[in-house]
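A short worksheet on the structure shown next.
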Amino acid sequence: MGKIKLKIDGREFSAEKDEYVLDIAKREGFEIPTYCHNDQVSREARCRLCVVEARWQEGGHSRIVTSCLYPADEGLMVETNSEQVRLVRRVVLELLLARTPEAKGLAELAAEYGVGKNRFGADTDFGKCILCGLCVRTCREVVGVEALGFRMRGVLKQVGPAFAEPSSVCIGCGACYFVCPTGHIIMTEKGDERKIWGRTFKMEKCSKCGRYFAPKYQLEWINSQTGVAMDRLSLCQDCK
Amino acid sequence: MKINSLADLESVKSKALAASAAMEKTVIVCGGTGCLSYGSAELASALERKIKDRKLNAKVMLKMSGCHGFCERGPIVVIEPDKIYYQRVGRRDKEKAAEELVETTLVQGKVVESFLYSDPVTKERMIDYYKIPFYAKQKRIALRNSGHINPADIDDYIATGGYAALVKALAMKPEAVIEEIKKSNLRGRGGGGYPTGRKWESTRKAEGPVKYIICNGDEGDPGAFMDRSIMEGDPHTVLEGMVIAAYAIAKGKAPAHGFIYVRHEYPLAVKNLTKAIEQAREHGLLGKNILNSGFDFDLRINRGGGAFVCGESSALMRSLEGRVGEPRAKYVHATEKGLWDQPTNLNNVETYACLPEIIVKGADWFASIGTKGSKGTKVFSLVGKVNNTGLVEVPMGIPLREIVFDIGGGIRKGKKFKAVQTGGPSGGVIPDSMIDLPVDFDELTRVGSMMGSGGLIVMDEEDCMVDVAYYFVKFLEEESCGKCVPCREGLRRMRQIFDRITTGNGNPDDMVMLEELCTAMKLGSLCGLGQTAANPVMSTINYFRSEYEAHIKDKKCPAGVCKALIAYMIDPESCTGCQLCVKNCPSGAIKGVKKKPHTIDKEICIKCGVCYDVCKFDSVKRK
Ligand SMILES: Cc1cc2nc3c(=O)[nH]c(=O)nc-3n(C[C@H](O)[C@H](O)[C@H](O)COP(=O)(O)O)c2cc1C
Ligand code: SF4
Ligand code: SF4
Ligand code: FES
Ligand code: FES
């Protein structure tokens, strides 16, 4: 560790050595779009939207890198909005928009990068999923269950429970639903039931306010994992 | 028996040499995958029987070797010490061929004319292995033993000088071994061409409780089989190279472990490597206290996962860890955090195979071969429209012309040379105007192609450059791991654009889109697959733009390949009505009365081109 100095768009900042460029840039108020990054989970650099142009010498050879994973070091110079950066982002956004025209926020972001009419034609068979993998990582790393994963390779890649069947390990917590940036994951609640990924969960009422707040199965699972007593788990977030 | 010293090694060597010197002749039957498929194993047993029948056992040694690279001419049989090169031996009748060979060559001491190689152009028959044009301009370092030794016999390897490099290296300081490799300027043969010595140095410097040494034998490029040939034909070379690398990289108490990651479809390579590992362990060349030096290193074989992308170093490591074979960003190098996040050195099979020779003959010797930036040799898999196809190892910097016209024997059927494609899916095409290009890492990159793993496809006037790019785009679309957006989505869109262009539905905007996709994929993809996927497309656009335009504007395929854009018709003037085409047409599309001009019904014609190929009067026209 230790402090280092780097330049972002010509201005000098200090940061920890090996701190990720995206984190430094965000802290200093730079706008860098991201679609597969979230502070709670590990980084995989799937979407390629956070690209920046990095060089180590003034006027020297530059490289396009993903800022979410690029470690900073003394003397690094990054440009967050160069011509090449904008080109990669524009093409990535146009490709994503062609894949999932309905994905939340995508059309607006694409428009910012000058994507107008979609030259590739629009797909209809991918829902809103851009395969960012945030749901998979959240389920595994935050929730601690491995109910979700990728299936198949390449253009056929899909996300969801194993074998595309309702998962027996899913606890119905809905973390994936909340983390999904595009609104692909469908979670519905009606009365005392929650439906997600093809499974139906019975909901528990908050013992204080009486609102349905979490699947019974989830509470039992937390109880079995942490040993926290069921009655202490029976309060919703607001009433705790 | 354990080998504990140079003296021990020398004694094994001299015993093995004496055994073969006691023989008058050695008959070497090729046991590589290509020749085996032509029945070389049956040929060898027929030979064994005949040799016994004629009571020649005491004078003639029979052994099976690895591949000679000229597999299309299999089964290959070589007679030493006379250097007689026999090809296509007993393709039809093994018994008869064995009889002839034993009677004529072993008993009477004469050559069997019909087994000799005859030049496709001059028709001259040749006896001497090394005078055959396919071999004359080759220089074999990585392939030095393949075809000559029995891969299942460690003594045979030792007899040719095997494991002498290991003895020499273990007597050096590890830093000195690294210095030697750095001085040789050896660059990785797996595709990227990264300096091997520098990689070792970083791995040596990196701190960790354990270090890993990996051999990449995944070999996924379509048509490439040099790594298979080496693993099958000379497995000990790979092991020796890996032990030398491990010794150079290991530091202090941190143990080093090795893995050989072998492509799923290579059972013979696995078999021969497994045997070699056992023998090396028995001889004290692997395992604890190697050569009584106190140095420990052992390795094991892993079968590949079957996906092309698993040959990419970071995906390979994930696959070895038992995870999904997806590449990951390499901003932190594998030399520091590789397999299980420990310092890891990964090299290609051919890279390891060069090492023993460099240690024995010295860095200066190696660096005296090749060009300024690329030293030594490179094995190419020469295929396509040349007369001689196969594996060839040539000095770096050799003019492309010599590969195509001397070693390859020129273009088949006297057609016109058009281009070569090098580097497989990550490479590009090089047009005929650059036929004198010196072939090395930097020159290939400079002209928009790549060395890659050494694929070299020769193309003639009947190859369509749009179709070539389309082929690689389709291949890569299927092989993309799908992790990152530019590669996954970009390749799919590129393929759709090619679907259109090759069926006459392209429009001028398609070229703009292709070029933009190429740039974005090159800059923005996560791993080498996506970053280089643009090469086949960009290079064909750069050198053959007019061919793209013909497809898009005129809806024509000038090379006559893209089926939707061509039609076959019969010229009524020259058609003699011989009916040969009628007999050969698989769809019954050709109508006509004997001795009268014929016609092709366009509705029924499936455009297979058989009539075009069979017509003796050039009356079938393709438009
Ligand atoms: C998609 C892809 C596939 C690859 N496949 C292979 C392979 O089959 N064999 C190989 O040795 N290298 C392959 N490589 C290159 C490796 O990532 C790596 O650079 C190489 O094995 C390093 O060894 P070297 O330094 O000895 O060349 C591939 C790279 C990419 C991007
Ligand atoms: S479902 Fe949502 S979170 Fe999961 S991969 Fe798709 S877009 Fe990302
Ligand atoms: S470039 Fe292609 S193969 Fe490589 S990580 Fe991206 S999607 Fe996977
Ligand atoms: S946020 Fe960095 S690649 Fe997606
Ligand atoms: S297998 Fe015999 S020459 Fe290649």
Task: Under 18 Å from residue B:522, Cα to Cα: lysines that are on another chain or at least 8 residues apart - done: B:330, B:474, B:483
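Tell me the carbon and sulfur percent of the accessible area for segment B:17-129, rounded to whole percent, probe radius 1.4 Å.
Numbers: 2700 of 5240 Å².
That share works out to 51 percent.
If packing is taken as the average number of other Cβ atoms within 10 Å across a peptide's residues, how do A:34-46, B:76-88, B:223-235 rank, most packed first? It would help to have the intermediate numbers written out before the result.
Working: A:34-46: 18.6, B:76-88: 20.2, B:223-235: 27.2.
Put in order of decreasing packing, that is B:223-235, B:76-88, A:34-46.
Between the DSSP loop rule and a limit of at most 16 other Cβ atoms within 10 Å, which GluC sites (Glu not before Pro) in segment B:316-386 are left? The partial results should precede the final answer.
Working: sites: B:321, B:336, B:350, B:357; in loops: B:321, B:336.
Listed in order of number, the matching sites are B:321, B:336.
So which trypsin sites (Lys or Arg not before Pro) in segment B:560-618 are both in a DSSP loop and have at most 11 other Cβ atoms within 10 Å of their Cβ?
Values: sites: B:563, B:583, B:591, B:594, B:595, B:602, B:607, B:616; in loops: B:594, B:595, B:602, B:607, B:616.
The qualifying sites are B:594, B:595, B:602, B:616.
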TODO: From other protein chains only, count the Cβ atoms within 10 Å of every residue's Cβ in B:514-524, then give the mean.
DONE: 5
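Sequence gap of 8 or more, or different chains, plus Cα separation below 12 Å: how many lysine pairs satisfy both in segment B:377-460? Before the final figure, lay out each step's value.
Numbers: B:385/B:413; B:385/B:415; B:385/B:416; B:385/B:418.
For segment B:377-460, the number of qualifying lysine pairs is 4.
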Task: Pair residue B:108, residue B:300: separation of 7 Å Cα→Cβ label points (nm) - done: 5.6 nm
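Could you give the dipole magnitude of chain B about its Cα centre, charging the beta-carbon of Lys and Arg +1 and that of Asp and Glu -1, in debye to the nearest 20? Can you show the working numbers first?
Details: 88 positive and 77 negative charges, 126 e Å.
In debye, rounded to 20, chain B gives about 600.
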- [ ] Please identify, among A:88, A:169, A:145, the residue showing maximal mean-square fluctuation in a Gaussian network model of chain A using a 10 angstrom Cα cutoff.
- [x] A:169
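Chains A and B: buried accessible surface, both sides, probe 1.4 Å, rounded to 100 Å²? Display every interim value, and only then the final one.
Working: alone 13480 and 25690 Å², together 36410 Å².
So the buried area, both faces added, is about 2800 Å².
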Open item on the list: If I model segment B:1-57 as equal point scatterers sitting on the Cα atoms and use the Debye formula, what is log10 I(q)/I(0) at q = 0.13 Å⁻¹?
Closed with: -0.56
Task: Neighbouring partner chain Cβ atoms per residue of B:321-333, average, 10 Å criterion - done: 3
Open item on the list: Quick check for you: with a 1.4 Å probe and neighbouring chains kept, what is the accessible area per residue of chain B, in Å²?
Closed with: 39 Å²
- [ ] May I ask you to evaluate 6.51 cos²θ - 1.76 cosθ + 1.60, the Karplus curve with θ = phi - 60°, for each residue of segment A:175-188 and list the ³J(HN,Hα) values in order in whole Hz, giving x for glycine and proline?
- [x] 4, 5, 4, 6, 7, 4, x, 10, x, 6, 7, 9, 10, 10
Open item on the list: At a threshold of 8 angstrom on Cα-Cα distance, excluding pairs fewer than six apart, so keeping six or more, what relative contact order does segment B:15-146 reach in percent?
Closed with: 24 percent
Open item on the list: Using alpha carbons only, how many angstrom separate the centre of segment B:599-614 from the centre of segment A:129-186?
Closed with: 52 Å
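With a 1.4 Å probe and every protein chain left in place, work out the accessible area per residue of chain A in Å², rounded to a whole number.
Working: 12150 Å² over 240 residues.
Counting only protein heavy atoms, the per-residue value for chain A is 51 Å².
Pop out the carbon and sulfur fraction of the accessible area of segment B:377-460 as a percent, whole number, probe 1.4 Å.
56 percent
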Open item on the list: Can you work out the Karplus-derived ³J(HN,Hα) for every residue in segment B:407-415? Use 6.51 cos²θ - 1.76 cosθ + 1.60 with θ = phi - 60°, whole Hz, and x for glycine or proline.
Closed with: 5, x, x, x, 7, 4, 6, x, 6
- [ ] Before anything else, pin down the relative contact order of segment B:465-554: Cα pairs under 8 Å, at least 6 apart, normalised by residue count, whole percent.
- [x] 37 percent
Task: Within 10 Å of each Cβ in A:125-136, the average number of Cβ atoms from other chains - done: 1
Task: Euclidean distance between Cα centres, segment B:70-149 to segment B:256-306, Å - done: 33 Å
Task: Extreme residue, positive dipole direction of chain B, given options B:604, B:239, B:7 (C-beta unit charges) - done: B:604
Task: Inter-part distance where segment A:24-84 and segment B:13-48 are each reduced to a Cα centre, Å - done: 59 Å
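Using the Cα gyration tensor of chain B, with a ≥ b ≥ c the square roots of its eigenvalues, what is the shape: rounded (a/c below 1.5), prolate (a/b larger than b/c) or oblate (neither)? Could the numbers behind the result be given before it?
Values: a/c = 2.33, a/b = 1.26, b/c = 1.84.
Oblate shape, in that a/c is at least 1.5 and b/c is the bigger or equal ratio.
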TODO: Output ³J(HN,Hα) for segment A:215-232: one whole-Hz value per residue in order, computed from phi by the Karplus curve 6.51 cos²θ - 1.76 cosθ + 1.60 with θ = phi - 60°, and x for Gly and Pro.
DONE: x, 4, 4, 5, 5, 5, 5, 4, 4, 6, 7, 10, x, 5, 5, 4, 5, 6
Task: Length-normalised contact order of chain B in % [C-alpha pairs under 8 Å, at least 6 apart] - done: 11 percent
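Shape call for segment A:134-239 from the C-alpha gyration tensor, a ≥ b ≥ c root eigenvalues: rounded (a/c under 1.5), prolate (a/b greater than b/c) or oblate? Before the final figure, lay out each step's value.
Values: a/c = 2.28, a/b = 1.82, b/c = 1.25.
Prolate shape, in that a/c is at least 1.5 and a/b is the bigger ratio.
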TODO: For segment B:211-288, build the convex hull from the C-alpha positions and give me its volume per residue in Å³.
DONE: 87 Å³
Task: Listed residue (B:78, B:90, B:57) projecting farthest to the positive dipole end of segment B:40-138, Cβ model - done: B:57
Task: Total charge dipole magnitude, the protein assembly as shown, about the Cα centre, Cβ charges on Lys, Arg, Asp, Glu only, Debye to nearest 20 - done: 1160 debye
- [ ] Mind listing, in residue-number order, the residues in segment A:155-193 that have at least 10 Å² less accessible area with every protein chain present than in their own chain alone (1.4 Å probe)?
- [x] A:155, A:157
Task: Lys, Arg +1 and Asp, Glu -1 on Cβ, resulting dipole of segment A:3-112 about Cα centre, debye, nearest 20 - done: 200 debye
Open item on the list: What's the ranking of A:126-136, B:172-182 by average number of surrounding C-beta atoms within 10 Å, highest first?
Closed with: A:126-136, B:172-182
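According to the square roots a ≥ b ≥ c of the eigenvalues of the Cα gyration tensor, what is the shape class of the protein assembly as shown, taking rounded for a/c under 1.5, prolate for a/b larger than b/c otherwise, and oblate for the remainder?
Values: a/c = 1.96, a/b = 1.31, b/c = 1.49.
Since a/c reaches 1.5 but b/c is at least a/b, the shape of the protein assembly as shown is classed as oblate.
Direction-averaged shadow area of the convex hull around the Cα atoms of segment B:401-551, nm²?
Details: hull surface 35.0 nm².
Mean orientational projected area (segment B:401-551, Cα hull): 8.7 nm².
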Task: Amide H partners (placed H, <5 Å) of residue A:236, local residues excluded - done: A:207, A:208, A:209
- [ ] Express the carbon and sulfur contribution to the solvent-accessible surface of segment A:3-112 as a percent, rounded to the nearest whole number, probe 1.4 angstrom.
- [x] 43 percent
Open item on the list: Can you find, among B:505, B:417, B:517, the residue sitting farthest towards the positive end of the charge dipole of segment B:408-522, where Lys and Arg contribute +1 and Asp and Glu -1 at Cβ?
Closed with: B:505
Task: Residues with amide H under 5 Å from that of residue B:302, placed H, sequence gap 5 or more - done: B:260, B:261, B:262
TODO: Grab the DSSP H runs of chain B that are 4 residues or longer, score each as -39,500 (n - 2.57), total them, divide by all residues and round the 222 nm result to the nearest 500 deg cm²/dmol.
DONE: -11000 deg cm²/dmol
TODO: Identify the residues of segment B:286-318 with backbone N under 19 Å of a label point that sits 7 angstrom from the Cα of residue B:360 along the Cα-to-Cβ direction, or state none.
DONE: B:286, B:291
Open item on the list: Are there any residues in segment A:5-46 with a reduction of at least 20 Å² in accessible surface when going from the isolated chain to the assembly of protein chains? Probe 1.4 Å, please list them by number.
Closed with: A:44, A:46
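The values are calculated or read from the model by the stated rules, or taken from the named source; none is laboratory data. Keep in mind that what you see is a predicted model, and the values were worked out from it rather than measured. Please note: Cβ atoms are built from the backbone with ideal geometry, for glycine as well, and neighbour counts cover all protein chains shown. Just so you know, the surface numbers come from the protein's heavy atoms only, side chains and all, with ligands and any DNA or RNA stripped out. Shrake-Rupley method; radii C 1.70, N 1.55, O 1.52, S 1.80 Å.
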